[in-house]
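These notes concern the structure reproduced below.
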Amino acid sequence: MRAMERKNRLYLARHGQVRGFERFPIYGRTDVAITDVGRIQMEALAERLRFVRIDAIYASDLQRAFLGARIVGRRHDVPILHLPELREMDFGAWEGLTLAEVQERYPDELKKREKDLMGYCPPEGGESLETFSRRVLSCLHGIYAEREGEDILVVAHGMVNRVILCEALGLELSRLFSLHQEYGCLNIIDTYADTSLVRLMNG
């Protein structure tokens with residue numbers, strides 16, 4: 001039997017630790033910086049990927065992601081592209097709040113969210129999971145089409161990565177909260193004509 005031909009290899013990373021992390025805030029569109037620990041985490045990722053083939057690097061245009069991409073990119077003479085489509089989910093009025101604060105201030109909104117997890121939009125312009133996932137996956141599929149046959153690094157965000165992993169694993173989007181993404185973690189996904197192989201997750 002002929003072996004399947006790989007179309008792409010995706011190195012999918014999460015940005016490093018962010019300022020204020022100890023409060024467990026909800027950061028989506030908020031353009032927060034990474035900490036010194038976050039920089040160390042991305043330096044460690046750069047070392048892990050030092051000798052692998054990378055043909056192009058993509059990142060969210062939020063600084064916590066693109067700074068990580070630049071750190072890794074110092075070891076690879078390839079283009080680094082910053083795409084707003086790879087930004088974290090927009091949480092609207094919940095930006096910067098902790099989960100406890102959201103529960104205290106927006107109990108009725110949380111009830112609405114429970115009834116429609118995919119379609120619910122947080123107040124003040126937040127994104128629904130459905131809209132968010134379409135944005136992320138449309139961007140990713142465009143990258144795959146443009147870079148077919150290449151090995152790609154994407155430095156993004158926790159929710160972004162979970163959406164991509166759900167598709168690769170064939171999971172319903174509602175299962176994304178069952179997947180964890182540590183700061184500075186690495187996932188490796190190989191794509192083929194009609195399937196994907198997750199070689200590493202949250203590594």
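The values are calculated or read from the model by the stated rules, or taken from the named source; none is laboratory data. Owing to the predicted nature of the structure, the values given are computational and were not obtained by experimental measurement. Using ideal geometry, Cβ is built from the backbone for each residue, glycine included, and neighbour counts are taken over all protein chains shown.
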Within the stretch 124-156, count every residue that is in contact with a Gly (Cβ under 7 Å, 6 or more places away or on another chain) and farther than 23 Å from Arg9 by Cβ.
-> 5
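Please count how many residues of the stretch 137-175 are of a type in the set (A, V, I, L, M) and exposed (fewer than 13 other Cβ atoms within 10 Å of the Cβ). Break it down stepwise before answering.
In the first step, residues of the stretch 137-175 are kept if they are of a type in the set (A, V, I, L, M); the result is 137, 140, 143, 145, 152-156, 159-160, 163-165, 168-169, 171, 173.
Add one more test, that the residue is exposed (fewer than 13 other Cβ atoms within 10 Å of the Cβ), and what stays is 145.
Going through the stretch 137-175 one residue at a time, the tally reaches 1.
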Every residue from the stretch 182-201 that is within 23 Å of Thr30 (Cβ to Cβ) and either charged (D, E, K, R) or surrounded by fewer than 22 Cβ atoms within 10 Å (Cβ to Cβ) (or both) = Glu182, Tyr183, Cys185
Cβ-Cβ under 6 Å pairs, at least 6 apart or on other chains, the stretch 89-110 side closer than 23 Å to Val160 by Cβ, far side of a type in the set (Asp, Glu) and modelled with pLDDT of 95 or more = Met89/Glu127; Asp90/Glu127; Gly92/Glu124; Ala93/Glu124
Just one of the numbered conditions (1) touching a residue at least 24 places away in the same chain (Cβ under 8 Å); (2) over 23 Å from Ser174 (Cβ atoms) is not true of Cys139; which one?
-> (2)
Residues satisfying the stated conditions in the stretch 140-181, i.e. closer than 18 Å to Ile54 by Cβ, more than 16 Å from the chain's Cα centre (by Cα) and not small (Gly, Ala, Ser) | Glu146, Arg147, Glu148, Glu150, Asp151
By my count, helices (runs of 4 or more DSSP H) wholly in the stretch 33-134 with at least 2 residues that are under 30 Å from Gly149 (Cα atoms) are 36-48, 63-73
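Looking at the stretch 169-179, can you tell me whether even one residue there is under 30 Å from Arg39 (Cβ atoms), touching a helix residue (DSSP H, G or I) at 6+ places or on another chain (Cβ under 7 Å) and of a type in the set (Gly, Ala, Ser)?
no
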What is the one condition in (1) over 30 Å from Ile40 (Cα atoms); (2) part of a loop (DSSP other than H, G, I, E, B) that Gly142 does not satisfy?
-> (2)
In the stretch 47-70, how many residues are of a type outside the set (Lys, Arg) and within 17 Å of the chain's Cα centre (by Cα)?
-> 13
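Could you tell me whether any residue of the stretch 9-19 is free of Cβ contacts under 8 Å to residues at least 40 places away in the same chain, buried (at least 17 other Cβ atoms within 10 Å of the Cβ) and either touching an Asp or Glu at 6+ places or on another chain (Cβ under 9 Å) or more than 21 Å from Arg135 (Cα to Cα) (or both)? Give the derivation first.
Initial filter on the stretch 9-19 (free of Cβ contacts under 8 Å to residues at least 40 places away in the same chain): 19.
Narrowing the set further to residues that are buried (at least 17 other Cβ atoms within 10 Å of the Cβ) leaves none.
The answer is no, given that none of the residues of the stretch 9-19 is free of Cβ contacts under 8 Å to residues at least 40 places away in the same chain, buried (at least 17 other Cβ atoms within 10 Å of the Cβ) and either touching an Asp or Glu at 6+ places or on another chain (Cβ under 9 Å) or more than 21 Å from Arg135 (Cα to Cα) (or both).
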